[in-house]
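A.B. asks: Mind looking over this structure? Questions follow.
None of the figures in this text is laboratory data; all of them are computed from the coordinates on show. Keep in mind that this is a model prediction, so the values were computed, not measured. Cβ coordinates were reconstructed from backbone atoms using ideal geometry, including for glycine residues, and neighbour counts include every protein chain displayed.
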Amino acid sequence: MGFFSDYIPRSGDKLLTKWAHYFEVYERELTRFRARPVRFMEIGVFRGGSLPMWKEFFAPGSTLVFIDIDPDCKAHEIEGTHVEIGSQGDPEFLASLADKYGPFDVILDDGSHLCPHQIASFEALWPHLADRGVYMVEDCHSSYWPGFGGGYRNEASFIEYSKRLIDRMHSWYTDQDALFPFDEMARQLNSVRFYDSIVVCEKLDKQQPPTSLAIRNGKVEPSRKALTVRNRTSVFANKDGR
């Protein structure tokens with residue numbers, strides 16, 4: 001686990017609670033952000049154990065913001081961190097933090113785990129995620145618990161919401177406009193990655209539609225004709241000489 005396998009044996013007296021397999025996900029998804037100071041937000045403070053961990057993980061000079069609804073969590077603030085008190089379900093509160101500290105390179109939701117809160121936070125904070133930043137929601141197994149606003153295949157769960165993000169990301173290619181219209185999210189969402197109990201969404205500003213490349217003898221010919229409805233059948237029928 002790299003950094004985390006070294007950090008865990010020397011963690012302090014503040015309680016840190018994470019599923020064991022999360023640290024490998026952090027290593028995979030967040031290591032690239034360690035090379036420079038970043039703007040990081042974690043939703044959920046609990047006993048404060050993650051504050052010193054993230055302070056050491058990210059580069060010196062990083063802006064580290066932690067939010068919780070419990071006023072007592074303010075006592076967990078340490079030098080180099082900011083603990084703000086408010087609800088992740090309050091878009092005005094989140095907007096005020098984005099104005100104060102954003103845009104963020106990494107946002108990690110380890111808050112209430114309630115599906116309505118996870119969705120509300122994502123929609124409020126996604127516009128304040130920096131280009132090439134990642135938005136991580138953990139403990140997504142709560143999407144399978146009715147008591148948290150979820151349940152298997154419940155359209156209101158965060159997991160089902162995340163599945164729909166995949167459709168929105170691919171809406172460049174729609175030829176069923178009435179049923180599946182183009183969604184502006186396609187211009188920003190680069191990937192949706194699912195791990196056990198964690199969903200990671202990566203942002204990438206894409207103002208232009210995807211480009212197909214025809215490459216032969218070192219010559220590259222770009223084209224977007226596959227995105228034109230009238231050309232789709234012929235383009236894909238003839239791909240690779242078929």
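A.B. asks: Across 10 Å bins from the origin, how do the percents of Cα pairs in the chain run, short distances first?
C.D. replies: Result, from short to long distances: 7, 27, 32, 18, 11, 5, 0 percent.
A.B. asks: Assigning unit charges at the beta carbon (Lys, Arg +1; Asp, Glu -1) and nothing else, what dipole magnitude in debye, to the nearest 20, does segment 1-108 show about its Cα centre?
C.D. replies: Charge dipole of segment 1-108: 400 debye, to the nearest 20.
A.B. asks: Residue by residue through segment 40-48, which ³J(HN,Hα) values in whole Hz follow from phi under the Karplus form 6.51 cos²θ - 1.76 cosθ + 1.60 (θ = phi - 60°), with glycine and proline marked x?
C.D. replies: Computed from phi, the couplings for segment 40-48 are 10, 10, 10, 8, x, 10, 6, 9, x Hz.
A.B. asks: Helix 158-169 versus the longest principal axis of the chain: what is the Cα-based angle in degrees, 0 to 90, to the nearest 10?
C.D. replies: Between helix and principal axis, roughly 40 degrees.
A.B. asks: Per-residue counts of other Cβ atoms within 10 Å, averaged by peptide: what ranking do you get for 170-178, 87-95, highest first?
C.D. replies: 87-95, 170-178
A.B. asks: Counting only DSSP beta bridges with both residues in the chain, what percent are antiparallel, rounded to the nearest 5?
C.D. replies: If I count the DSSP bridges inside the chain, around 45 percent turn out antiparallel.
A.B. asks: With +1 on the Cβ of every Lys and Arg and -1 on the Cβ of every Asp and Glu, and nothing else charged, how large is the dipole of the chain about its Cα centre, in debye rounded to the nearest 20?
C.D. replies: Taking the Cα centre of the chain as origin, the dipole is about 1480 debye.
A.B. asks: Separate question: Please work out how much length the chain gains when fully extended from ARG164 to SER223, using 0.36 nm per residue of separation minus the C-alpha to C-alpha distance, in nm with one decimal.
C.D. replies: Extending this stretch completely gives an extra 18.5 nm.
A.B. asks: Going highest first, how would you order 183-193, 207-217 by mean Cβ packing within 10 Å?
C.D. replies: 183-193, 207-217
A.B. asks: Sticking with this one: Would you please give the residues with an amide H less than 5 Å from that of ARG39, counting only those at least 5 places away or on a separate chain, with H modeled from the backbone geometry?
C.D. replies: Those qualifying (amide H under 5 Å, at least 5 residues apart or on another chain) are THR63, ASP105, VAL106.
A.B. asks: Just how far, in whole angstrom, is segment 3-77 from segment 175-215 if you go by their alpha carbon centroids?
C.D. replies: What the calculation gives is 29 Å, centre to centre.
A.B. asks: For the peptides 110-122, 10-22, what is the packing order when you average, over each peptide's residues, the other Cβ atoms within 10 Å and list the highest mean first?
C.D. replies: Descending mean neighbour count gives 110-122, 10-22.
A.B. asks: Output ³J(HN,Hα) for segment 22-27: one whole-Hz value per residue in order, computed from phi by the Karplus curve 6.51 cos²θ - 1.76 cosθ + 1.60 with θ = phi - 60°, and x for Gly and Pro.
C.D. replies: Those phi angles translate into 5, 5, 5, 5, 4, 4 Hz.
A.B. asks: Continuing with the same structure: Count the lysine pairs in the chain whose Cα atoms sit under 18 Å apart, keeping only pairs 8 or more residues apart in sequence or on different chains.
C.D. replies: 9
A.B. asks: Quick one: grab the alpha carbon gyration tensor of segment 68-185, order the square roots of its eigenvalues as a ≥ b ≥ c, and give me rounded if a/c is under 1.5, else prolate or oblate depending on whether a/b is larger than b/c.
C.D. replies: oblate
A.B. asks: Given 4 °C and 1.567 mPa s, compute D for segment 30-122 with the Stokes-Einstein relation, Rh being the Kirkwood radius over Cα pairs; round to the nearest whole µm²/s.
C.D. replies: 98 µm²/s
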